[in-house]
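The values are calculated or read from the model by the stated rules, or taken from the named source; none is laboratory data. Just so it is clear, the structure is predicted and the values come from calculations on it, not from any experiment. Cβ sites come from the backbone with ideal geometry, for glycine too, and all protein chains shown count toward neighbours. We work out accessible area using only protein heavy atoms, side chains counted, and drop any ligands, DNA or RNA first. Shrake-Rupley method; radii C 1.70, N 1.55, O 1.52, S 1.80 Å.
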Amino acid sequence: MADDALAWTRAVPEDETGPGPWIEIAFGEADDLVHLRETSDPGNVVTTTRDKWEAFAKGVRAGEFDHFAEPAD
């Protein structure tokens, strides 16, 4: 699927004013795929399935990845 056929949504924190780089996500309309890319490198697209994406999102909501957001000592 060509990148120009995808509707990309940018994840930007509400209080952020800078240019990024940001993560963008697009859901394929004709397939079961979820596409992710970084605004600083839009040609490098990571693709996964909707089932795997939903499992990841469920883990985020459950706090399974909170330790990644904690400041380093």
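Identify the residue in the stretch 8-25 that is outside any strand (DSSP E or B) and either at positive phi or among the aliphatic types (A, V, I, L, M) (or both) and, among all such residues, is most open to solvent (accessible area, probe 1.4 Å). The qualifying residue most open to solvent (accessible area, probe 1.4 Å) is Val12.
When residues in the stretch 41-51 are screened for being over 12 Å from the mean Cα position of the chain (by Cα) and loosely packed, with under 12 Cβ neighbours inside 10 Å, 4 of them pass.
Tell me whether the stretch 31-40 contains one or more residues that are closer than 20 Å to Ala7 by Cβ, outside any loop (DSSP other than H, G, I, E, B), β-branched (Val, Ile, Thr) and open to solvent by less than 70 Å² (accessible area, probe 1.4 Å). Yes, there is a match, as at least one residue in the stretch 31-40 is closer than 20 Å to Ala7 by Cβ, outside any loop (DSSP other than H, G, I, E, B), β-branched (Val, Ile, Thr) and open to solvent by less than 70 Å² (accessible area, probe 1.4 Å). Beta carbons closer than 9 Å, at least 6 apart along the sequence or on distinct chains, pair a first residue in the stretch 41-70 that is under 25 Å from Pro19 (Cα atoms) with a second that is aromatic (Phe, Trp, Tyr) and open to solvent by less than 80 Å² (accessible area, probe 1.4 Å) for Pro42/Trp8.
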